[in-house]
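Notes follow once the structure below has been shown.
The values are calculated or read from the model by the stated rules, or taken from the named source; none is laboratory data. Values in this document were obtained by computation on a predicted structure and should not be read as measured data. With ideal geometry, Cβ positions are generated from the backbone for all residues, glycine too; neighbour counts draw on all protein chains shown. For the accessible areas, the whole protein counts, side chains as well, though only heavy atoms, and no ligand, DNA or RNA atoms are used. Shrake-Rupley method; radii C 1.70, N 1.55, O 1.52, S 1.80 Å.
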Amino acid sequence: MNTIREIAQVLKKIRSATIFTHVRPDGDTVGSGMALCRALELLGVNCEVVNEGEVPEKFSFLTGIDRIRSMPSPESEVYVCVDTSDEARLGELQHAFMRAKAKGKTTVNVDHHVSNTRYCKYNFVRERASNCENIAELIEALGVRHDKIISEYLLTGMVTDSGGFSHSDVNGDSFRAAAACADAGADVNRISYEVFKKQSKARSQLYLETLSKLRYYFEDRLAISIVEKAALERYGLRQDETEGIVDFALTVDPVEVSVCLMEVKPEQYKASFRSKGKINVNEIARAFGGGGHVLASGCMLFGSKEEVLDRLQFTVSQLGNL
């Protein structure tokens, strides 16, 4: 694996770059991509950020968020992946990325997931509460000072991926990185409101309906919520507006693992896992071909709802010793 200074040296020599972010973009991948892009632009690099889908509306308060493109420029000198553990997490963009990589394009990977496969030519992977902490260190190594815009990108990623600095992997480095952003003008109150508190009436109704049907297993140590596709359509909501549902069950005292199943299409569910700490949900997600963090991971599951629930219960009970 490369050091952050080695990654910085690679980026200091380039004239153009495309920064890839992961599917169903969250605050950490958006913040990582946009912050690094601005830092490179301040160094005179022609830069763009790409994502396969739509960026959630809740990030629309960030400056320049509408610049995120859906396809990478083939002329870019370097392809950089941020907050992305493997090529599959790029979604449809993985094909363009892998073709360019096979033809010899320089690729860079800056990530914080324990499941990262080191799939680029240059890789920096350090487990932290958010990847934006890694990007902040990289920007410092590039010799770029945080301005208010960069700091708002970075703090958005730090706040969202750390659960408002409440997760067990938050440490002194997390707060020092956040303090640097606040000192440069980032408004943590505004960011917290936009990403955690602000919601539509329809979203609140979906939450109430979904959480009222929580299923508990193994003496309430496992909780599973299910977001039906029909419910999303009934309330006129997008898939990204379900974020946060999986976290609720962890507030229930006996629960050790919370799972949210979101129906993508018939017999296909996106599973999001959360753990209080005793159980490694990355191992559970990996059993289904996914991955992520020890405390937060995800994967895709296929089959009828009851088949998926049965496989989930069995796997969690075996790997989590429930």
So, in segment 251-276, of the ones that are more than 19 Å from the chain's Cα centre (by Cα), of a type outside the set (D, E, K, R) and open to solvent by 10 Å² or more (accessible area, probe 1.4 Å), which residue ends up farthest from Lys201 (Cα to Cα)? Pro254
May I ask you to list pairs of residues, at least six apart or on different chains, whose Cβ atoms are under 9 Å apart, with the first in segment 176-194 being under 13 Å from Thr160 (Cα atoms) and the second being of a type in the set (Asp, Glu) and surrounded by 13 or more Cβ atoms within 10 Å (Cβ to Cβ)? Ala178/Glu133; Arg190/Glu152; Ile191/Glu152
When restricted to Ala202, Ala223, the only residue surrounded by fewer than 17 Cβ atoms within 10 Å (Cβ to Cβ) and touching a helix residue (DSSP H, G or I) at 6+ places or on another chain (Cβ under 6 Å) is Ala202
Would you list the helices (runs of 4 or more DSSP H) that sit entirely within segment 1-117 and hold 2 or more residues that are under 27 Å from Gln199 (Cβ atoms)? 27-42
Within segment 262-278, is even one residue hydrophobic (A, V, I, L, M, F, W, C), outside any strand (DSSP E or B) and modelled with pLDDT under 95? no
Residues located in segment 141-171, provided they are under 21 Å from Leu43 (Cβ atoms), crowded, with 17+ Cβ neighbours inside 10 Å and of a type outside the set (A, V, I, L, M): His146, Ser151, Glu152, Tyr153, Gly157
Residue count, segment 226-238 (criterion: touching a Leu at 6+ places or on another chain (Cβ under 7 Å) and either open to solvent by 70 Å² or more (accessible area, probe 1.4 Å) or without any contact (Cβ under 8 Å) to a residue 24 or more places away in the chain (or both)): 0
Count of segment 202-253 residues which are closer than 20 Å to Lys305 by Cβ, in contact with an Asp or Glu (Cβ under 6 Å, 6 or more places away or on another chain) and part of a helix (DSSP H, G or I): 1
Single residue of segment 146-172 satisfying the filter (among the polar types (S, T, N, Q) and part of a helix (DSSP H, G or I)) that is nearest to Glu127 (Cα to Cα): Thr160
Return the pair list, or none, for Cβ contacts closer than 8 Å from residues in segment 30-51 that are closer than 15 Å to Val144 by Cβ to residues that are in a helix (DSSP H, G or I) and acidic (Asp, Glu), at least 6 apart or on different chains. Cys47/Glu41
Out of Glu6, Glu57, report the one residue that is farther than 22 Å from Ala186 by Cα and among the charged types (D, E, K, R). Glu6
Looking for something assigned to a helix (DSSP H, G or I) and open to solvent by 30 Å² or more (accessible area, probe 1.4 Å) - is there at least one such residue anywhere in segment 122-133? no
